[in-house]
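Just so it is clear, none of the values below were taken in a lab; they were calculated from the coordinates. Please read these numbers as outputs of a predicted model, since none were measured by experiment. Cβ coordinates were reconstructed from backbone atoms using ideal geometry, including for glycine residues, and neighbour counts include every protein chain displayed.
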């Protein structure tokens, strides 16, 4: 079982199913922010064969990044995974277990009912192409593709939601699903901040390492009293878009206790990135990351009033009224 991230507040970590699905009259449905289909009964299925078709046509929005219009499927869909690279990108290759950032459209083969549409929400999704991380159809269809690619593919129930379907989204156990993915970026456990180093001149604050080799940066805590107010400073300043308070982010991070310097949580130790909404995390994280740029490394000092106060998570190793120090690499946002 994947360990729960200690930065999350009341909402558990983990992937969610399609949210706020569309209906037959509209394709402007909201996709879950940063969410993806959760793995269902299909996770134990054998690997599918990758076949060329049949696949419905993309009838409008044919360029990468444009919202596509996809025709209804005609005839019987394949009982295997039909995959077509409509536009071949030239960027890095997506590997299994990577997180990808992509715009996506998903619909039901027979009806054309739209289930997923990030083009209208302007919030690309994050998903990890790992067994148990999302539906296997995504994992098998997108692994090996390159950044900048548009991929059209169909997923039969075996590698989607299985014979039970998904009642929340109106997917029956017999439904084949059709997806278009525009792959914008890919990230793995070695991903780091990219930008310019920012001087760390305040001797009363922690100093964070500036290595960008995918290894955990050092955090040197000064032998002074912890600040009582939130601190959020650039260590490396990226040149991406600034985070809004409602964004979903993909990060690398490490957290230590001010008084002891002891690490209590780290994506580096778990060898796995974390994606979450800034509305899900402790106040110190939400306030400390809002306004910071994608690509940056930020040091955040979280006083107890904006962290866990006198109620730290059980088994976390965090004592009551602890000041926490984090180094956070902001890899992407949605």
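Computed quantities for the displayed model
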{"quantity": "Percentage relative contact order, segment 41-187, counting C-alpha pairs under 8 Å, at least six apart", "calculated": "31"}
{"quantity": "Footprinting exposure proxy for 296, 305 (fewest neighbouring C-beta atoms within 10 Å first)", "calculated": "305, 296"}
{"quantity": "Calculated Rg and Dmax of segment 41-187 using C-alpha coordinates, Å", "calculated": "13.9, 38"}
{"quantity": "Distance between segment 274-334 and segment 166-192 - C-alpha centres, whole angstrom", "calculated": "28"}
{"quantity": "Prolate/oblate/rounded label for segment 196-333 (Cα gyration tensor, a/c 1.5)", "calculated": "rounded"}
{"quantity": "Which labelled figure in [x] 32.1; [y] 16.7; [z] 15.1 is mean projected area of the Cα convex hull in nm², once derived from the coordinates", "calculated": "[y]"}
{"quantity": "The chain: calculated mean residue ellipticity at 222 nm from DSSP helix runs of at least 4, using -39500 (n - 2.57)", "calculated": "-1500 deg cm²/dmol"}
{"quantity": "Per-residue Cβ neighbour rank within 10 angstrom, fewest leading, 330, 50, 58", "calculated": "50, 58, 330"}
{"quantity": "Reciprocal mean inverse distance between Cα atoms of segment 100-239 - Kirkwood radius, Å", "calculated": "18.5"}
